[in-house]
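Here is the structure we will look at, set down as structure tokens.
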Amino acid sequence: MKSLKDFISAFFANKGQHVFLSLLITKICAFSGSLFMIRILPEKDFGLLSIVASVFAIFAPFSGFGSPQSLIRFGSLSSSEEEKEQLSSYLFRKGFLYQVILSIIFFLLAFVYVSHYHHIFYIFFFFTVRLIGFYFLTHIQADRRMFLKNKEFAMVNNVVNISGLVMMIVFSMLWGLYGYLIANAISPFLSLFWFKKSSWKAVNFSLKFTKKEIWSFALHASVTALLSDAFFSADILLLNYFKNESVVANYKVALLIPANITFLALSFMQSDYPVIAKNYRNRSFLTNYIINYYKIFIPISLVILISGSLLNTFIIKVFFGKQYIDNAFAFTLLLGVFCGSMLLRNLYGNMLSAVGLMKRNTFYSILSLILLAIFSYVWVPQYGVVGMAVSLGTALTLVGFLMMFSFFTYLRKLK
């Protein structure tokens with residue numbers, strides 16, 4: 001993959017365009033669903049829903065205790081179809097047992113809230129069902145990615161998200177909150193149309209990987225995913241702590257579009273991850289991959305940043321209203337932040353994962369939270385929204401460079 005032409009051809013050969021469109025559809029469905037529920041639900045019901053959804057967001061990254069993430073990594077390294085199937089069956093059965101335990105713990109948390117919010121018990125029940133369905137979905141997606149069946153991965157994703165959005169709208173209009181909860185619980189189970197019955201079969205574990213390294217990677221992948229989600233919630237919490245709800249609203253307006261541009265890089269990394277993992281000892285391949293990645297994403301980042309800087313006021317006015325145009329400068333700063341993230345944190349975080357250095361990612365995720373808290377303490381009280389944009393950007397950039405340094409240190413050790 002020395003030339004840019006080969007790099008792009010490999011992306012299309014892996015059906016990367018389907019992954020790109022699938023991730024775009026996922027974001028559109030999520031945004032549309034949130035907007036719809038805000039409009040039709042009473043404030044109290046939406047508040048209860050938000051509480052449970054926040055708890056669910058903590059548990060979701062631990063799906064199967066990280067077995068889907070481990071399946072992609074070690075499945076990509078397996079040398080035969082038989083080994084891949086064997087690993088998939090082993091991780092599914094073991095991961096499902098962990099998922100049941102995880103779901104029980106999640107449901108028991110309802111009793112913490114039920115004395116204050118009576119109806120929250122039912123919301124927890126439906127989200128518990130969704131948590132189990134979410135495991136089937138993530139395992140099936142990981143299985144398809146392991147076999148480089150990105151078109152099927154995209155199909156599963158599209159069916160679950162589009163059907164889920166349609167069901168949510170129809171059921172919510174008919175039965176309100178309970179309609180939403182039913183649709184929310186059912187939608188991930190639609191992935192079972194692609195489920196392999198052989199995954200239930202017990203297998204003799206005779207792979208070249210030890211159970212310890214498989215589950216160590218899985219656990220660190222789960223923790224890293226949780227910390228990554230926490231990082232992009234911490235900015236809101238810190239801003240609310242140092243300022244107020246009005247400042248938070250202005251920051252969200254400035255953040256919404258910039259934060260979503262990273263799916264461009266994610267679509268490449270999602271489709272190429274198994275290939276990168278398979279070549280984790282191939283220094284030439286890894287070097288050329290990074291070079292060709294930059295040939296595409298440096299120009300894309302420059303176009304996004306320059307266009308966004310010139311049209312920042314217009315974009316904010318059209319999408320959010322003229323009352324928010326004072327956030328144009330913060331919007332531009334955040335565009336720069338996330339363009340930089342595509343070139344550093346997104347790239348090298350995935351590369352470290354693909355070559356098996358997930359513990360490094362866990363460490364850097366913890367460090368990014370600490371740095372964000374420190375920088376916010378220094379800049380947010382005085383500079384508000386702009387201060388948070390600078391804090392977020394500084395933390396992401398520093399951690400991105402550290403990830404890059406770690407990856408190139410690994411690369412230098414390869415022969």
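The values are calculated or read from the model by the stated rules, or taken from the named source; none is laboratory data. Everything numeric in this text was worked out from a predicted model, so none of it was measured. Counting neighbours? That spans all protein chains shown, and the Cβs are built from the backbone with ideal geometry, glycine included.
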Considering residues of region 16-30 that are in contact with a Leu (Cβ under 9 Å, 6 or more places away or on another chain), farther than 15 Å from residue 265 by Cα and not small (Gly, Ala, Ser) only, the residue surrounded by the fewest Cβ atoms within 10 Å (Cβ to Cβ): 28
Residues that are at pLDDT 80 or above and more than 20 Å from the chain's Cα centre (by Cα), drawn from region 251-267: 251, 254
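Can you tell me which of 177, 137, 148, 181 is touching a residue at least 24 places away in the same chain (Cβ under 8 Å), on the phi > 0 side of the Ramachandran plot and in the same structural domain as residue 76 (by TED's automatic domain parsing)? Quick ask: steps written out before the conclusion?
Values: 177 fails: on the phi > 0 side of the Ramachandran plot; 137 fails: on the phi > 0 side of the Ramachandran plot; 181 fails: on the phi > 0 side of the Ramachandran plot.
Going through 177, 137, 148, 181 in turn, just one is touching a residue at least 24 places away in the same chain (Cβ under 8 Å), on the phi > 0 side of the Ramachandran plot and in the same structural domain as residue 76 (by TED's automatic domain parsing): 148.
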Those residues of region 376-399 which are farther than 19 Å from residue 332 by Cβ and buried (at least 18 other Cβ atoms within 10 Å of the Cβ), in sequence order: 376, 399
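Would a scan of region 374-390 turn up a residue that is in the same structural domain as residue 281 (by TED's automatic domain parsing) and closer than 30 Å to residue 77 by Cα? Lay out the reasoning, then the answer.
Initial filter on region 374-390 (in the same structural domain as residue 281 (by TED's automatic domain parsing)): 374-390.
Narrowing further to those that are closer than 30 Å to residue 77 by Cα: none.
No.
So, residue 384, is that one at positive phi and not charged (D, E, K, R) or not? Break it down stepwise before answering.
Details: at positive phi: yes; not charged (D, E, K, R): yes.
It is true that residue 384 is at positive phi and not charged (D, E, K, R).
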Check on residue 163, small (Gly, Ala, Ser), more than 22 Å from the chain's Cα centre (by Cα) and in a helix (DSSP H, G or I): no
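Does residue 231 satisfy the criteria of being in a helix (DSSP H, G or I) and either modelled with pLDDT of 80 or more or not assigned by TED's automatic domain parsing to the domain that holds residue 335 (or both)? Give the steps one after another, and end with the answer.
Working: in a helix (DSSP H, G or I): yes; either modelled with pLDDT of 80 or more or not assigned by TED's automatic domain parsing to the domain that holds residue 335 (or both): yes.
The answer is yes for residue 231.
Quick one: is residue 242 crowded, with 16+ Cβ neighbours inside 10 Å, hydrophobic (A, V, I, L, M, F, W, C), in contact with a Ser or Thr (Cβ under 6 Å, 6 or more places away or on another chain) and modelled with pLDDT under 90?
Values: crowded, with 16+ Cβ neighbours inside 10 Å: yes; hydrophobic (A, V, I, L, M, F, W, C): yes; in contact with a Ser or Thr (Cβ under 6 Å, 6 or more places away or on another chain): no; modelled with pLDDT under 90: yes.
Against the criterion (crowded, with 16+ Cβ neighbours inside 10 Å, hydrophobic (A, V, I, L, M, F, W, C), in contact with a Ser or Thr (Cβ under 6 Å, 6 or more places away or on another chain) and modelled with pLDDT under 90), residue 242 does not qualify.
Just for region 78-98: of the residues that are touching a helix residue (DSSP H, G or I) at 6+ places or on another chain (Cβ under 6 Å) and in a helix (DSSP H, G or I), which one is farthest from residue 222 (Cα to Cα)? Before you say what the answer is, go through the steps one by one.
The initial filter retains those residues of region 78-98 that are touching a helix residue (DSSP H, G or I) at 6+ places or on another chain (Cβ under 6 Å), namely 78, 84, 87-89, 91-92, 95, 98.
Those left that are additionally in a helix (DSSP H, G or I): 84, 87-89, 91-92, 95, 98.
Working: 84: 21, 87: 19, 88: 18, 89: 20, 91: 15, 92: 16, 95: 12, 98: 13 Å.
Restricting to residues being touching a helix residue (DSSP H, G or I) at 6+ places or on another chain (Cβ under 6 Å) and in a helix (DSSP H, G or I), the top hit is 84.
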Single residue of region 195-224 satisfying the filter (over 20 Å from residue 76 (Cα atoms) and of a type in the set (A, V, I, L, M, F, W, C)) that is modelled with the highest pLDDT: 223
Matching residues, region 256-283, being in a helix (DSSP H, G or I), surrounded by fewer than 17 Cβ atoms within 10 Å (Cβ to Cβ) and polar (S, T, N, Q): 260
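Kindly evaluate residue 340 against the criterion of being surrounded by fewer than 21 Cβ atoms within 10 Å (Cβ to Cβ), touching a residue at least 24 places away in the same chain (Cβ under 8 Å) and over 16 Å from residue 256 (Cβ atoms).
Details: surrounded by fewer than 21 Cβ atoms within 10 Å (Cβ to Cβ): yes; touching a residue at least 24 places away in the same chain (Cβ under 8 Å): yes; over 16 Å from residue 256 (Cβ atoms): yes.
Yes: the conditions hold for residue 340.
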Only listed residue being under 30 Å from residue 73 (Cβ atoms) and free of Cβ contacts under 8 Å to residues at least 24 places away in the same chain, chosen from 325, 261, 291: 291
Residue 276, sole failed condition from (1) touching a helix residue (DSSP H, G or I) at 6+ places or on another chain (Cβ under 6 Å); (2) under 21 Å from residue 235 (Cβ atoms); (3) touching a residue at least 24 places away in the same chain (Cβ under 8 Å): (2)
Considering residues of region 215-239 that are more than 23 Å from residue 96 (Cα to Cα) and small (Gly, Ala, Ser) only, the residue farthest from the chain's Cα centre (by Cα): 234
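Let's see how each residue does on (1) polar (S, T, N, Q); (2) farther than 22 Å from residue 122 by Cα:
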site: 155; (1), (2): no, yes
site: 158; (1), (2): yes, yes
site: 167; (1), (2): no, no
site: 173; (1), (2): no, no
site: 177; (1), (2): no, no
site: 193; (1), (2): no, yes
